[in-house]
Amino acid sequence: MGAPAWPDADADHEDLLAIQHRVAERAVFEDAGAPTPTAVERAVHGGRNSPVVVGVDQAFDGDDAVSAAVAMADGRVIERATAERETTIPYIPGLLSFREGPAVEAAIEALTVEPDLLLIDGSGRIHYRQAGLATHIGVAVETPAVGVAKALLCGRPRESLAGRRPAGVQIPIEADDEVTAPEGTIVGHAVQTRQFDSPRAINPVFVSPGHRVGHRRAARIGLAACDGYKLPEPIRLADHAAGRATE
DNA sequence: GCGACAG
DNA sequence: ATCTTGTCGC
């Protein structure tokens, strides 16, 4: 078992923080088992003997969290699975994993295929205690994971994010005094996965290591997994699947 | 007290 | 995350 079981609804706030510190201790923020960006490119765009890349996203159905996991390999969707769990803890920035984690883990375990990489919507190392949803899940299921968030939770961009950047640009996100990592540690990147020529600029996504991957490879994986849209294809498909499971 | 704040 | 139609543009 890579991480503690999910806490009860009546767990103390301090217990939750303690769990996250443990998750961060067990997390590996360096390349150790995660597929290369090239391999991920084959899984999403096509190729032989690619790894199994699974995208995960959530939707809500009343008080329940609905999670969808979409597995891709050799350029095709090979399996989809969903799981629904009652939410007990409310949404609190920094404690998201305790609200959505149970459903996410259940959806991943409902797959019959074994994931080589998890692409999870939400932060990984870009988190106050370096234990965002992607890190918590990666450690819990002992699988390489990358976090892809649509907004920045914490940390300091090395450069201003104002204005427009062309697709492919990666701006380091450094730890500040709110993050439990030495000041200046690169905990992730703002990745411009998509950009238009139109007057309306597209925002970047925030990619960070979840487990068994370094920040550099995580960012390149984020770009390699995109297919014409702002979000990595497996996550985009999981988004649709989760929404459909709600209807 | 003020501002920040994944989904 | 979610409540929600049309509309501007490639």
Return the total of residues in segment A:12-36 being part of a helix (DSSP H, G or I), within 11 Å of residue A:211 (Cβ to Cβ) and open to solvent by 80 Å² or more (accessible area, probe 1.4 Å).
-> 1
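Among the residues of segment A:238-247 satisfying the criterion of being part of a helix (DSSP H, G or I) and surrounded by fewer than 21 Cβ atoms within 10 Å (Cβ to Cβ), which is nearest to DNA strand B (Cβ to nearest atom)? Give the derivation first.
Here is the first cut: in segment A:238-247, the ones part of a helix (DSSP H, G or I) are A:238-246.
Next, only the ones that are surrounded by fewer than 21 Cβ atoms within 10 Å (Cβ to Cβ) stay: A:239-240, A:243-246.
Working: A:239: 9, A:240: 14, A:243: 11, A:244: 16, A:245: 14, A:246: 13 Å.
Here the answer is A:239.
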Is segment A:69-82 home to any residue that is small (Gly, Ala, Ser), farther than 19 Å from residue A:131 by Cβ and within 15 Å of the chain's Cα centre (by Cα)?
-> yes
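For segment A:201-222, name all the residues that are open to solvent by 20 Å² or more (accessible area, probe 1.4 Å) and β-branched (Val, Ile, Thr). Quick ask: steps written out before the conclusion?
Applying the first criterion (open to solvent by 20 Å² or more (accessible area, probe 1.4 Å)) to segment A:201-222 yields A:201-203, A:212, A:215-217, A:220.
Within segment A:201-222, A:202 is the sole residue that qualifies.
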Of the residues in segment A:183-211, those that are basic (Lys, Arg) and within 16 Å of DNA strand B (Cβ to nearest atom) come to A:194
Determine which single condition residue A:57 fails, assuming it passes every other condition in (1) in a helix (DSSP H, G or I); (2) charged (D, E, K, R); (3) surrounded by 17 or more Cβ atoms within 10 Å (Cβ to Cβ).
-> (1)
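Of everything in segment A:169-184 that's of a type in the set (A, V, I, L, M) and not in a strand (DSSP E or B), which residue is farthest from residue A:25 (Cα to Cα)?
If we filter segment A:169-184 for residues that are of a type in the set (A, V, I, L, M), which is where we start, we get A:169, A:171, A:173, A:175, A:179, A:181.
Checking the rest, the ones that are also not in a strand (DSSP E or B) come to A:169, A:175, A:179, A:181.
Values: A:169: 30, A:175: 17, A:179: 14, A:181: 12 Å.
Applying the filter and picking the extreme gives A:169.
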Would you check if there is a residue in segment A:172-182 being surrounded by 18 or more Cβ atoms within 10 Å (Cβ to Cβ), under 26 Å from residue A:38 (Cα atoms), away from DNA strand B (no atom under 16 Å from the Cβ) and over 13 Å from the mean Cα position of the chain (by Cα)?
-> yes
Failed item, numbered, when residue A:47 is tested on (1) more than 16 Å from DNA strand B (Cβ to nearest atom); (2) surrounded by fewer than 24 Cβ atoms within 10 Å (Cβ to Cβ); (3) modelled with pLDDT of 95 or more | (3)
Any residue at all in segment A:135-153 that is open to solvent by less than 20 Å² (accessible area, probe 1.4 Å), assigned to a strand (DSSP E or B), of a type outside the set (Lys, Arg) and over 28 Å from residue A:15 (Cα atoms)?
-> no
Does segment A:107-120 contain any residue that is open to solvent by 10 Å² or more (accessible area, probe 1.4 Å), in contact (Cβ under 8 Å) with a residue 24 or more places away in the chain and touching a helix residue (DSSP H, G or I) at 6+ places or on another chain (Cβ under 6 Å)?
-> no
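In the list A:39, A:9, which residue meets the criterion of being part of a loop (DSSP other than H, G, I, E, B) and either out of contact with any helix residue (DSSP H, G or I) (no Cβ under 8 Å at 6 or more places or on another chain) or over 21 Å from residue A:126 (Cα atoms) (or both)?
On the way: A:39 fails: part of a loop (DSSP other than H, G, I, E, B).
When all the criteria are applied, what remains is A:9.
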Residues of segment A:185-219 being more than 17 Å from residue A:117 (Cβ to Cβ), in a strand (DSSP E or B) and touching a residue at least 40 places away in the same chain (Cβ under 8 Å), which ones?
-> A:187, A:206
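The values are calculated or read from the model by the stated rules, or taken from the named source; none is laboratory data. Please read all numbers here as calculations on a predicted model, not as lab measurements. A quick note on method: Cβ atoms are made from the backbone with ideal geometry, for glycine too, and the neighbour counts reach across all protein chains shown. For accessibility, only protein heavy atoms count, side chains too; no ligands or nucleic acids. Shrake-Rupley method; radii C 1.70, N 1.55, O 1.52, S 1.80 Å.
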